[in-house]
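J.: One structure coming up, written as structure tokens, with questions to follow.
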Amino acid sequence: MNYNSLCENISVNEQGHLTFAGQDVVILAKEYSTPLYLMDEARIRSNCRVYTNTLRECFGENALPLYASKAASFAKMYSIVSEEGFGTDVVSSGELYTALLAGIDAKNIFFHSNNKTDADIAYGIDKGVGHFVVDNVEELDAINEIALSKGVRQGVLLRLTPGIDPHTYAAVATGKVDSKFGSAIETGQAKSIAAYALTLKGIKLEGFHCHVGSQVFDADVYMRSAEIMLSFFKQMKDEYGYETEIFDMGGGFGVRYVQSDPYIDIAESIRITANFVKAKALELGIKLPLICMEPGRSIVADAGMTVYTAGTVKKITGYKNYVSIDGSMADNPRYALYGSKYTVIHAGRALDECNFECSLVGRCCESGDIIQENIMLPDGIKRGDVIAVATTGAYNYSMSSNYNRLTRPPVVMLSNGTSYVAVKRESLEDIVRNDVL
Ligand SMILES: *Cc1c(COP(=O)(O)O)cnc(C)c1O
């Protein structure tokens, strides 16, 4: 298999070993031990630059890319994206705390989530978070009250659902009318919440947000949702004299997990969407708002790889073969959660023919603890072999748990031919840190 065609940071060296960001994965496994998350810093930065450069080319200074940090949230990630000119999305006090720890300017933080607690709201306002993205009217009331009690007028965007079906997995589709997220334009709910927001003294309505889903490969989805959103802005202008200052178009561009996944040219999709948005705003006679996009997955997914050591290889003759690894659904729950596909590679025999059909399973006490089913690995794979799973930079570390009291793997950044620890491996002491005897 030509791994390079999955992502250009994956290759094979003269020893037949897998390399990631130019470094030998077998050697990294030995140096840092497994399970291990690797991240390619240069790839994170170049993924960021696709957005910063294209948005600048299309909108000049009138655009701001935001990193949807739930995809991979740890202090170093916030500093990297901020150095690349990104603002940040957070969805909890925990993500906000981490972003602030990394020195992110609170003015460039957008606080999402479909159910912020009063404590989240108070903490965000105290820290000077620039923008809350408000999901519903109860939340708007709560923010208004807390802001008033603190003598603040809080900047907010309202999350709207344009009623688009992005043709992605149900679990990650968010822009439909019946979604748990946002207020629907179609039902008139969006207009009534916007009109109401304009009457609140603790609220400064800055604009609107929509996010139609994730793992989207079709620029048409963004154009269809932008068309509905911009027509809504026009209505707000005509009926309330309200001019939208910020239009946050959401994230969701897809990435390739396996070689059969489609390829998407993100820069070109942004250009097509931008041209459409500019033309539509002109046609409707509305001012072009500041344009935000908030990618998560497409910034970090292909910048990540997880490395494991194989344990038991179980052959159930006539049925199925299992290769167990020293990781599990605790470090990668995505197959268990929604059947996500991944490319699995024998790191020490990356050029060998793969003729052993098996399932790669974790060490948790759950039959559903599967990383990938029915894949092909080299025959003779055995205990101690190093196994890599590609494209794990998004929603792996950030979704990890301590199930079965497993310690979370470290995140090791690869950069300029060297490596450094961005998140330490959890210790057994970490596991009991909050236990009270
Ligand atoms: C998850 C999420 C994103 C990022 O989606 P990706 O598919 O990771 O790009 C952006 N905006 C919102 C509101 C989200 O919930």
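J.: Between Tyr3, Thr343, Gly380, whose Cα lies farthest towards the positive end of the dipole of the chain when Lys and Arg beta carbons carry +1 and Asp and Glu beta carbons carry -1, centred on the Cα centre?
T.: Toward the positive end, the furthest listed residue is Gly380.
J.: Give me P(r) over the chain, computed from all C-alpha to C-alpha distances, binned every 10 Å, as integer percentages.
T.: 4, 21, 29, 24, 14, 6, 1, 0
J.: I would also like to ask the following. Please list, ordered by chain and number, the residues whose modelled amide H lies under 5 Å from the amide H of Tyr67; skip anything fewer than 5 residues away on the same chain.
T.: Counting only residues 5 or more places away or on other chains, the set is Gly87, Thr88, Asp89.
J.: Would you compute, from DSSP H runs of 4+ residues alone, the mean residue ellipticity of the chain at 222 nm, taking -39500 (n - 2.57) per run and dividing by the full residue count, rounded to the nearest 500? Don't jump to the answer; show the numbers that get you there.
T.: Values: 12 runs with 130 residues, N = 437.
Calculated mean residue ellipticity at 222 nm is -9000 deg cm²/dmol.
J.: 5 Å is the cut-off here: which amide hydrogens, built 1.01 Å from N in the peptide plane, fall below it relative to Ala394, excluding neighbours closer than 5 in sequence?
T.: HN-HN under 5 Å from Ala394: Ala301.
J.: Enumerate the calculated ³J(HN,Hα) couplings along the range 357-362 in order (Karplus 6.51 cos²θ - 1.76 cosθ + 1.60, θ = phi - 60°), each rounded to whole Hz, writing x wherever the residue is Gly or Pro.
T.: Calculated HN-Hα couplings, in order: 7, 7, 10, 8, 10, x Hz.
J.: What's the magnitude of the charge dipole for the range 75-150 around its Cα centre, counting Lys and Arg as +1 and Asp and Glu as -1 at the beta-carbon? Answer in Debye, nearest 20.
T.: 280 debye
J.: Here's another thing I want to ask about it. Considering only Tyr67, Ile80, Val129, whose Cα is most displaced toward the positive end of the charge dipole of the range 53-144, charges sitting on Cβ of Lys, Arg (+1) and Asp, Glu (-1)?
T.: Ile80
J.: Please list, in order along the range 406-412, the HN-Hα scalar couplings obtained from phi with the Karplus expression 6.51 cos²θ - 1.76 cosθ + 1.60 (θ = phi - 60°), rounded to whole Hz, x for Gly and Pro.
T.: 7, 7, 5, x, x, 9, 10
J.: I'd like to compare 405-411, 23-29: which one has the highest average count of other Cβ atoms within 10 Å, and what's the full order after that? Walk me through the intermediate numbers first.
T.: Working: 405-411: 19.0, 23-29: 21.4.
Result, highest mean Cβ count within 10 Å first: 23-29, 405-411.
J.: Report the dimensions of the range 161-297 along its three principal axes from the alpha-carbon atoms, largest first, rounded to Å.
T.: Between the extreme Cα coordinates on each principal axis of the range 161-297 lie 52, 31, 24 Å.
J.: Restricting attention to the range 71-120, which chymotrypsin sites (Phe, Trp or Tyr not before Pro) occupy a DSSP loop and are surrounded by at most 11 other Cβ atoms within 10 Å?
T.: Sparse-neighbourhood loop chymotrypsin sites (Phe, Trp or Tyr not before Pro): none present.
J.: Let me ask something else. Students often get this wrong, so check it: of Lys127/Lys201; Lys127/Lys287; Lys70/Lys150, which have C-alpha atoms separated by over 23 Å?
T.: Violating the 23 Å Cα-Cα cut-off are Lys127/Lys287; Lys70/Lys150.
J.: While we're here: Roughly how many debye, to the nearest 20, is the charge dipole of the chain about its Cα centre, given +1 on each Lys and Arg Cβ, -1 on each Asp and Glu Cβ, and no other charges?
T.: 300 debye
J.: Please list the non-local residues whose amide H lies under 5 Å from the amide H of Gln154, H modeled 1.01 Å from N, same-chain partners needing a gap of 5 or more.
T.: Ile203, Lys204
J.: Taking θ = phi - 60°, what integer Hz values does the Karplus form 6.51 cos²θ - 1.76 cosθ + 1.60 yield along the range 330-338, in sequence order, with x for Gly and Pro?
T.: 6, 9, 8, x, 6, 6, 4, 7, 8
J.: Excluding residues on the same chain fewer than 8 positions from Lys280, give the lysines whose Cα lies under 21 Å from its Cα.
T.: Lys191, Lys234, Lys237
J.: Could I ask something else about it? Rounded if a/c is under 1.5, else prolate if a/b beats b/c, else oblate: with a ≥ b ≥ c from the C-alpha gyration tensor eigenvalues square-rooted, which is the range 183-247? Let's see the in-between values first.
T.: Numbers: a/c = 2.16, a/b = 1.93, b/c = 1.12.
Note, shape of the range 183-247 comes out prolate.
J.: How large is the charge dipole for the range 344-437, taken about the Cα centre, if only the Cβ atoms of Lys, Arg (+1) and Asp, Glu (-1) carry charge, to the nearest 20 debye?
T.: Dipole about the Cα centre, nearest 20: 380 debye.
Read-outs throughout are calculated quantities, based only on the coordinates presented, and are distinct from any laboratory measurement. Everything numeric in this text was worked out from a predicted model, so none of it was measured. FYI the Cβ positions are ideal-geometry reconstructions off the backbone, even for glycines, and counts take in every protein chain you see.
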